[in-house]
1. Which of the residues belonging to the stretch 132-157 are assigned to a strand (DSSP E or B) and either more than 12 Å from the chain's Cα centre (by Cα) or more than 24 Å from residue 43 (Cα to Cα) (or both)?
2. Test of understanding: among 50, 45, 62, which residue is more than 14 Å from the chain's Cα centre (by Cα), crowded, with 18+ Cβ neighbours inside 10 Å and not β-branched (Val, Ile, Thr)?
3. Is it true that residue 68 is under 23 Å from residue 26 (Cβ atoms) and in a loop (DSSP other than H, G, I, E, B)?
4. Which members of the stretch 24-34 meet the condition of being surrounded by 13 or more Cβ atoms within 10 Å (Cβ to Cβ) and part of a helix (DSSP H, G or I)?
5. Tell me whether the stretch 95-102 contains one or more residues that are closer than 28 Å to residue 50 by Cβ, touching a residue at least 24 places away in the same chain (Cβ under 8 Å) and not polar (S, T, N, Q).
6. Filter the stretch 79-122 down to the residues that are out of contact with any Gly (no Cβ under 9 Å at 6 or more places or on another chain) and among the aliphatic types (A, V, I, L, M), then identify the one that is surrounded by the fewest Cβ atoms within 10 Å (Cβ to Cβ).
7. Mind listing whichever residues of the stretch 72-102 are among the hydrophobic types (A, V, I, L, M, F, W, C), in a strand (DSSP E or B) and at pLDDT 95 or above?
8. Do any residues in the stretch 132-145 that are without any contact (Cβ under 8 Å) to a residue 24 or more places away in the chain have Cβ atoms under 6 Å from those of residues that are assigned to a strand (DSSP E or B) and among the acidic types (Asp, Glu), where the two are at least six apart or on different chains, and which pairs are they?
Amino acid sequence: MKNTKNISCTIILIFLSLTSVYGQKLDEKLRLLKPLINTKWEAQETRFGEDAIINRWFEVIEDGKAVKRTDTFKVINATSVYLYFWDFEKQEIGVFGIHNNGNFVHGHVKEEEGKILIYGYGIFPDKKLEFRNTYELNTDGKFLDKYYRFEDNAWQSGHSWEFNQIKE
């Protein structure tokens, strides 16, 4: 069952990635993500030096039925693609993401305490970890991304990035 679900998500990810169209109207069920869409974001990852910039882009695809998030992090040659879609079974926004190193995540998205909460599991070659990731847009237009994982029987803090909107 798990393998079938993972294969299905991978096929959906590939199909949606190949059919992206800019400027589509967002499905009402995905409105929670609207403030992030069609905006380029940039954050610095201080662990890798001053030039370590993460670029993030959210776009509406598939006639508004999905949102694609693309991340690039050139300093460490990292890329990832995430798809957000309506999960009819759970009645929440679903998410599936894959990284160029082969790791992937799957989970769901909801609003919690005025923030966007992404929760689920990260799948690595040697382990599966539960995660919680919050997105918050603050009043000065910054987008805060805070990640936590459940490891060694406790919630541990992962990355904490502050994205700025890129003006073009």
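1. Within the stretch 132-157, 136, 137, 143, 144, 148, 149, 150, 151, 154, 155, 156, 157 qualify.
2. The match here is 62.
3. So residue 68 fails the test.
4. Residues satisfying the conditions are 29, 30, 32, 33, 34.
5. Yes, the conditions are met somewhere in the stretch 95-102.
6. Only one residue fits best here, namely 117.
7. Scanning the stretch 72-102 gives 81, 83, 85, 86, 93, 95, 96, 98.
8. Pairs found: 142/162; 144/136; 144/162.
The values are calculated or read from the model by the stated rules, or taken from the named source; none is laboratory data. Only a predicted model underlies this, so the values are computations on that prediction, with no experimental measurement involved. Heads up, the Cβs are rebuilt from the backbone with ideal geometry, glycines too, and the neighbour counts pull from every protein chain shown.
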